[in-house]
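Engineer: Here it is, the structure in full.
The values are calculated or read from the model by the stated rules, or taken from the named source; none is laboratory data. None of the values given here were measured: they were computed from a predicted structure. Heads up, the Cβs are rebuilt from the backbone with ideal geometry, glycines too, and the neighbour counts pull from every protein chain shown.
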Amino acid sequence: MKLSLIKTIALGSLLTCSAAAMAGGSDYKLMVIETTTAPQPLELSFNSCALNVKSKNYAQADEICTKAIALLKQSNGPRMKVRELTSFALSNRGVSRMMANNDAAGLSDLYEAAQIAESSMVSHNLMRAKEHKYCSELTQSC
C-alpha cells in the first residue's frame with residue numbers, strides 16, 4: 001500500500017506542465033513538459049510540438065502533437081494528470097491549426113481540450129481562437 005502510494009505520487013510529479021512560450025508572436029499560449037523525468041517519447045513529442053508551433057512549422061507541429069496525444073492515450077499515469085496533459089496537447093495542436101489557417105480543426109481541438117480538463121491557458125487559447133475566427137469572418141484585423 002505504502003509503496004503504491006509513493007509510486008503514484010512520484011509519477012504524478014513527473015508530469016508537470018507550464019506555459020513556456022507564446023505561439024509565433026501571437027498571444028496564444030503553448031504548454032510544455034518541464035521535467036526531464038517524464039517518459040522520453042512523451043516529453044520529446046509534447047515539447048517538440050510546441051517548438052514547431054513556435055517555429056511556424058505548422059504541418060510538422062500538427063503531426064507531432066497528434067503523436068503526443070496518442071502517447072497520452074496509452075499512458076498509465078494518474079488519470080487526472082493524463083487528462084490535463086491531453087488537454088494541453090490538444091490545445092497546442094489547436095493553436096498550430098489556427099496559425100495554419102485551419103480554423104475549423106483548430107477550434108474543434110480547442111473545444112475538446114476545454115471539455116477534457118479545466119485550464120486557464122486552454123480557456124485563453126479557445127477565447128483567442130474564437131476572436132480570430134470572428135475577425136476573419138468580418139475580414140478585419142483584430
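Engineer: All but one of (1) of a type outside the set (A, V, I, L, M, F, W, C); (2) closer than 13 Å to VAL95 by Cβ; (3) within 15 Å of the chain's Cα centre (by Cα) hold for ASN47; which doesn't?
Structural biologist: (2) is the only condition that ASN47 fails.
Engineer: A further question follows. Checking the conditions here, which among LYS29, LYS81, LYS67 is surrounded by 14 or more Cβ atoms within 10 Å (Cβ to Cβ), within 15 Å of ALA129 (Cβ to Cβ), of a type in the set (D, E, K, R) and modelled with pLDDT under 95? Show your work before the answer.
Structural biologist: Values: LYS81 fails: within 15 Å of ALA129 (Cβ to Cβ); LYS67 fails: within 15 Å of ALA129 (Cβ to Cβ).
Within the list LYS29, LYS81, LYS67, the selection yields LYS29.
Engineer: Anything in region 33-60 that is surrounded by 21 or more Cβ atoms within 10 Å (Cβ to Cβ), under 22 Å from SER120 (Cα atoms) and in contact with a Ser or Thr (Cβ under 8 Å, 6 or more places away or on another chain)? List them, or say none.
Structural biologist: ILE33, CYS49, VAL53
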